[in-house]
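So the structure is just underneath, and the comments pick up after that.
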Amino acid sequence: MMAVSASATYPAMETLLAQACETAGLGDFGEGMFREGLAHLLESLERDAKLPEAGRHEAIALIRRRLANRLKIADWYKRHPETDALEVGGPVIVTGLPRTGSTALGNILSLDPQFRSLRGWEQREPVPPPELGREAQDPRRMQAAAEIDRLYREEPDHVARHIHEVDASTEDTEVLGLEFAAQQMTLPLWSYFDWWRDADMRPVFAYHRQVAKLLQSRRPPDLWLFKAPHHKFHLDALVAAYPNARFIMTHRDPAKVVPSYTSLVTSIWPAGTIERHDPHMVGEYIGRHLRIGMERAIPARARIGEDRFCDVQHPDFNRDPLGTLQRIYDFLGLELTAAMQDAVTAWLAKHRSGAHGEHRYTAEQYGLSAAGIRADYEFYIRRFGVHTGV
């Protein structure tokens, strides 16, 4: 494990652990590799992030919240040991490069009560687990719904870049973050990302499964729906924890993906952070990072079995969403009901292209070009027959 000493900027790891125990009145963080991940996170915050003061406080608060959640999860399992015997269905996992329609597809699938979505508000505070029939009054959900309403009223540029819905399956950043092994692109943590790409994620996804059991313990069904483009980096470790997983992989012209994703993540960084980083370096790093993920995903698919993957091209999904959805349901062996089709039609009308504004960006503002990106991703375009220029 990397040793991280105290600094004038961030507390030492042992200080954070001790503070979390004192605040929660608990002392068991459970098993896992979270100390290794936290050590790398703290070092990268110090070395790479260049956060302004408010951003530093936000990062420390996030660490403290996740440590407190670990303590509460371990305590829950001690008080409810029967949770460990629960079966986890699926999961069905939407993955691929980001900005390929994965959010839209994940949100649409979340409309189907056959699936158990991984909602952002329950990830952020998983204990106590939500209860079926009482979620409308759950303070965590009510707070999340109010925040989403505020975003749509007050931050139109943000909602033009990304769809937010309170009951849709969101990226499992908070669950993986309990092990301090989330991609964490919401901060500029270059050395942390370098460690994360090569980390042994098997214990991380084992812990991920424990959290899924806890969350489903009072809120069925157990057929989980995960939506996380970053899963492409560690497909083998994911399948070790979820041996019955099946995947929907979304695809889009990487010349659209890379600058769009760079624009999105830098817009999420704490205010005043992007000005402290060279946007050309950021664009180059993100383009390379995503390429490495796909370079690893392709051979992992072959090992896992191509029959467990369903590929969805972004233009095809836009042109014929219901037809694409039927193909996905056929792949999963599930019924696409008339009620679900009606719900999807209503969702598509609400979230039609441009309904929440336009996400504006260029490749050149990040030192990139469409031709250069496509050359870097030529292996990916060829392997999946990706449509370019659309």
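No lab work stands behind these numbers, since they all come straight from the coordinates. These numbers come from a predicted model, not from an experiment. Glycine gets a Cβ as well: all are built from the backbone with ideal geometry, and neighbour counts include every protein chain shown.
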Review point. What span do the alpha-carbon atoms of region 236-390 cover on each of the three principal axes, reported in whole Å from largest to smallest?
Key: 50, 40, 30
Revision key, fill the gap. Projecting the Cα atoms of A146, H280, A68 onto the charge dipole of the chain, where Lys and Arg contribute +1 and Asp and Glu -1 at Cβ, the residue farthest towards the positive end is H280
**Study point:** As computed over the chain, the Cα convex hull volume per residue (Å³)
**Key:** 138 Å³
Exercise for review: Divide, for region 284-333, the radius of gyration over alpha carbons by 2.2 N^0.38 Å, where N is the residue count.
Suggested key: 1.45
Point to revise | Overall form of region 197-286 per C-alpha gyration tensor (a/c, 1.5; a/b vs b/c) | key: prolate
**Study point:** the chain: relative contact order as a whole-number percent, Cα under 8 Å and 6+ apart
**Key:** 23 percent
Review point. Taking the Cα centre of the chain as origin and charging only Cβ (+1 Lys, Arg; -1 Asp, Glu), how large is the dipole, in debye to the nearest 20?
Key: 300 debye
Revision key, fill the gap. If unit charges are put on Cβ atoms (+1 for Lys and Arg, -1 for Asp and Glu) and the dipole of the chain is taken about its Cα centre, the option from L189, M201, G27 lying farthest towards the positive end turns out to be M201
Review point. Which of the aspartates and glutamates could a cross-linker span from K227 if the Cα-Cα distance has to be under 16 Å and same-chain partners fewer than 8 positions apart are dropped?
Key: D112, E122, E165, D167, E171, D172, E174, D311
Revision key, fill the gap. Mean-square fluctuation maximum in Gaussian network of the chain, Cα pairs under 10 Å, restricted to K213, K227, K350, hits K350
Review point. Who wins for biggest fluctuation among L97, L67, L336 in a Gaussian network model of the chain, springs between alpha carbons below 10 Å?
Key: L336
Practice item. For D307 and L151, calculate 0.36 nm times their separation in residues minus their Cα-Cα distance, and state this gained length in nm to one decimal. Key: 52.2 nm
Practice item. State the answer as a single residue: which of H164, G333, T103 lies farthest towards the positive end of the charge dipole of region 91-384, with beta carbon charges of +1 for Lys and Arg and -1 for Asp and Glu, about the Cα centre. Key: G333
Revision key, fill the gap. Fewest-first ordering of H40, H289 by Cβ atoms within 10 Å yields H289, H40
Study note, to complete from the structure: Taking the chain and counting helices only, DSSP H stretches of n ≥ 4 at -39,500 (n - 2.57) each over all residues, the nearest-500 ellipticity at 222 nm comes to -16500 deg cm²/dmol
**Study point:** Debye, to nearest 20: dipole size of region 134-283, +1 on Lys, Arg Cβ, -1 on Asp, Glu Cβ
**Key:** 460 debye
Check your understanding: With the chain treated as a Gaussian network of Cα nodes joined by springs under 10 Å, which of T100, T186, T250 yields the largest mean-square fluctuation?
Key -> T186
